[in-house]
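Taking it in order: structure first as structure tokens, then the write-up.
The values are calculated or read from the model by the stated rules, or taken from the named source; none is laboratory data. Quantities reported herein were computed from a predicted structural model and do not represent experimental measurements. Note that each Cβ is placed from the backbone with ideal geometry, even for glycine, and that neighbours are counted across all protein chains shown. We work out accessible area using only protein heavy atoms, side chains counted, and drop any ligands, DNA or RNA first. Shrake-Rupley method; radii C 1.70, N 1.55, O 1.52, S 1.80 Å.
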Amino acid sequence: MNNFRLSNASHVLKPSWYKQQMSGWSKPSYILLIIGWIFLITVGFMGGVNELAITSTVAGVIGFTCTVAITNGKPINGILGFVSALMLIYVASVTGNYSDIIMQGFYIVILDLPIMFSFSWNKKDFKPRKMNRHDAIVTALVFIAFLGMTFGIDTLLHSPQAVLDAIAATIGLTGAVLTLKKFRATYYFWLAQGLMSIALWIQTALHGHAVWVLMFTYILYLLNDLVAFTSSKWFHERKA
């Protein structure tokens, strides 16, 4: 089993795999991706070039690409999410958004690495799942558990954005679990998480860390969610 998984993950070392992963996306996704790249790079360096600006901008560009890849059911989102999460952990540590550190670390462990090594995420016949009553109850319990953990940590460490940070991270953590399980309901969580994260990074900027590029990154995430609702395989079956 270990050899099988290592063999399955060896594709990340092949340039041809990246070309294949960036192919076959919906037209709205390609348009959104290009516009998003240009916009984030422009906004990210408007205030000057420094370590925090570079890290937050590159993390935003890679993270945005990751979300568009998820919308198109492409497992390249695993490696993109991994790199983006590492960079955002640094940004969150500087800005005092401690729950965001937990969320990004959780993304790596529960979402990015499993997707990179998962055969099911690499199948061409990707099929999202619908949530039943039992799934909804379990999701609610998971949400409550995550909220208690994130708010407790932010309070203990005196985060300047404790409430917003905890709620945004909780929604993101729950959404990551649903994404790993391929529940299409994950996009309702990503939509809510995007809205809360916009508020979080606005408040973060007002508290002295002007990483506005992350606020705009989450605005682009919202646009990607709309693409998912209207034209992605998460909500619409595509003809072969």
Quiz item: Roughly how big is segment 9-143's charge dipole about its Cα centre, with Cβ charges of +1 (Lys, Arg) and -1 (Asp, Glu), in debye to the nearest 20?
Solution: 700
Quiz item: For the chain, what number results from the quotient of the Cα radius of gyration and 2.2 N^0.38 Å?
Solution: 0.99
Exercise. Using only the alpha-carbon atoms of segment 17-71, report the extent along each of the three principal axes, biggest first, to the nearest angstrom.
Key: 36, 20, 16
Quiz item: Roughly to the nearest percent, how much of the accessible area of the chain is carbon and sulfur, given a 1.4 Å probe?
Solution: 71
Exercise. Compute the accessible area per residue over the chain, keeping the other protein chains in place, probe 1.4 Å, unit Å².
Key: 49
Quiz prompt | Cut-off under 5 Å, modelled amide H: who pairs with residue 129 long-range | solution = 183, 184
Quiz prompt | Under Karplus coefficients 6.51, -1.76 and 1.60, residue-wise ³J(HN,Hα) of segment 92-106 in Hz, glycine/proline x | solution = 5, 5, 6, 8, x, 8, 5, 5, 5, 4, 4, 4, 5, x, 5
Exercise. Quick one: compute the contact order of the chain, relative version, from alpha carbon pairs under 8 angstrom and 6+ residues apart, as a percent.
Key: 23
Practice problem: Would you be so kind as to identify which of 166, 142, 73 lies farthest towards the positive end of the dipole of segment 52-210, taking Lys and Arg as +1 and Asp and Glu as -1 on Cβ and the Cα centre as origin? | Solution: 73
Exercise. Please tell me the relative contact order of segment 126-231 in percent, rounded to the nearest whole number, where contacts are Cα pairs under 8 Å and at least six residues apart.
Key: 25
Quiz item: Could you give the dipole magnitude of the chain about its Cα centre, charging the beta-carbon of Lys and Arg +1 and that of Asp and Glu -1, in debye to the nearest 20?
Solution: 1300
Quiz item: With springs only between Cα atoms under 10 Å, which of 127, 14, 27 fluctuates most in a Gaussian network model of the chain?
Solution: 14
Exercise. Place a +1 charge on the Cβ of each Lys and Arg in segment 62-205 and a -1 charge on the Cβ of each Asp and Glu, then give the dipole magnitude about the Cα centre in debye, rounded to the nearest 20.
Key: 800
Quiz item: What's the longest bit of the chain with no exposed trypsin sites (Lys or Arg not before Pro), using DSSP loop states and at most 13 other Cβ atoms within 10 Å as the test?
Solution: 1-122
Quiz item: From the residues 217, 131, 110, which one has its Cα farthest along the dipole of the chain in the positive direction, the dipole being from +1 and -1 charges on Cβ of Lys/Arg and Asp/Glu about the Cα centre?
Solution: 131
Exercise. Quick one: check the C-alpha center-to-center distance for segment 145-220 versus segment 11-74, whole angstrom.
Key: 20
